Amino acid sequence: MTAAAGTGIGSATARRCLEEGAAVVVSDAHERRLAETAEELRAETGGDVHAIACNVTDQAQVTGLYEGAIAHFGRFDVAVHNAGLGGTVPLVDMTDEQWATVLDITLTGTFRCTRAALAHLLAQEGGAIVNNASVLGWRAQPGQAHYAAAKAGVMALTRCAAAEAAPFGVRVNAVSPSLAEHPFLNRAIPDEDLAILRRRELFGRGAETWEVANVIVFLASDYSSYMSGEVISVSSQHP
């Protein structure tokens, strides 16, 4: 299962899972984009793709996402939680609404999804969750107080969930990308800021979304069977 799979890291992760032979549930809040992505993935890979629209700020929709996956496939073994919202606003100009919106989607949305996934995975005593954090959970960047706080929260949520899930054989980890290039990035970050971020990377560019997806697939697979509660940086930033 891959949330926020209509574009970017989410769709790249769904594609990599399909390439590895998985059957995939893709989800996104934007129904048209979700339907287009699901059809594209089916055409590209020939894989089994089921689409369920879900807004992670709505608990009923989150519950329906996991119940829908089980109704369609009988069970699920991996959940990738990728939904998030950013933006650039100086802290002194940030409104309560801007702060709350980013926190609700990026942190609380991940909490809702993790809680719903765990309810099923603990009962079946096996499976893996991969949450999408960010290097901004560790590193300061002007204008990103709400997003950085949310992603630091995702890291802490991941570690706590892992501690609770371990006795049931369920693993919970997170990836922490620095800069991943996708078509919707400009909606959150202006061109001039993107140019600065690219220059900070050792390779002088952002990651391709499939490069982040490769790490997510690793954490979802048995290759990482001893790893839980970890946050893996997918980054080439200068120290």
Any hit, the range 87-97, residues being at pLDDT below 95, farther than 21 Å from GLY126 by Cβ and of a type in the set (Asp, Glu)
no
Output the number of the condition that THR106 fails; it satisfies all remaining conditions of (1) more than 15 Å from THR57 (Cα to Cα); (2) under 13 Å from the mean Cα position of the chain (by Cα).
(1)
Only one of these is at pLDDT 95 or above and either of a type in the set (Val, Ile, Thr) or surrounded by fewer than 20 Cβ atoms within 10 Å (Cβ to Cβ) (or both): THR7, THR63. Name it.
THR63
Single match in ALA150, ALA100, ALA116 (criterion: out of contact with any strand residue (DSSP E or B) (no Cβ under 7 Å at 6 or more places or on another chain) and surrounded by fewer than 18 Cβ atoms within 10 Å (Cβ to Cβ)):
ALA100
Of the numbered conditions (1) surrounded by fewer than 18 Cβ atoms within 10 Å (Cβ to Cβ); (2) among the hydrophobic types (A, V, I, L, M, F, W, C); (3) within 23 Å of ALA180 (Cβ to Cβ), CYS160 satisfies every one except a single condition; which is it?
(3)
Inspect the range 168-189 for any residue being at pLDDT 95 or above, surrounded by fewer than 16 Cβ atoms within 10 Å (Cβ to Cβ) and either more than 21 Å from the chain's Cα centre (by Cα) or farther than 19 Å from LEU136 by Cα (or both) and give the result as yes or no.
yes
Hey, GLU164 hits all of (1) under 29 Å from ASP93 (Cα atoms); (2) over 14 Å from the mean Cα position of the chain (by Cα); (3) of a type outside the set (Gly, Ala, Ser) but one; which does it fall short on?
(1)
So which pairs qualify, if the first residue must be in the range 155-173 and within 15 Å of SER134 (Cα to Cα) and among the hydrophobic types (A, V, I, L, M, F, W, C), the second must be at pLDDT 95 or above and in a helix (DSSP H, G or I), the Cβ gap must be under 9 Å, and the two must be at least 6 apart or on different chains?
LEU157/LEU107; LEU157/THR110; LEU157/PHE111; LEU157/THR114
Starting from residues that are among the aromatic types (Phe, Trp, Tyr) and over 15 Å from ASN82 (Cα atoms), keep the ones in the range 206-223 and report whichever is surrounded by the most Cβ atoms within 10 Å (Cβ to Cβ).
PHE218
Are any of the residues in the range 26-34 in contact (Cβ under 8 Å) with a residue 40 or more places away in the chain and aliphatic (A, V, I, L, M)?
yes
Among the residues of the range 124-154, what is the count of those that are within 13 Å of GLY87 (Cβ to Cβ), out of contact with any Gly (no Cβ under 9 Å at 6 or more places or on another chain) and in contact (Cβ under 8 Å) with a residue 40 or more places away in the chain?
2
Contacts under 9 angstrom Cβ, first residue in the range 215-239 being free of Cβ contacts under 8 Å to residues at least 12 places away in the same chain, partner of a type in the set (S, T, N, Q) and crowded, with 17+ Cβ neighbours inside 10 Å, 6 or more apart:
PHE218/SER224
Only one of ALA165, ALA133 is among the aliphatic types (A, V, I, L, M), crowded, with 21+ Cβ neighbours inside 10 Å, in contact with a strand residue (DSSP E or B) (Cβ under 9 Å, 6 or more places away or on another chain) and more than 20 Å from THR57 (Cβ to Cβ). Can you tell me which?
ALA165
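The values are calculated or read from the model by the stated rules, or taken from the named source; none is laboratory data. For clarity, every value in this text was computed on a predicted model and none was experimentally measured. Note that we place each Cβ from the backbone using ideal geometry, even for glycine, and neighbour counts take in every protein chain shown.
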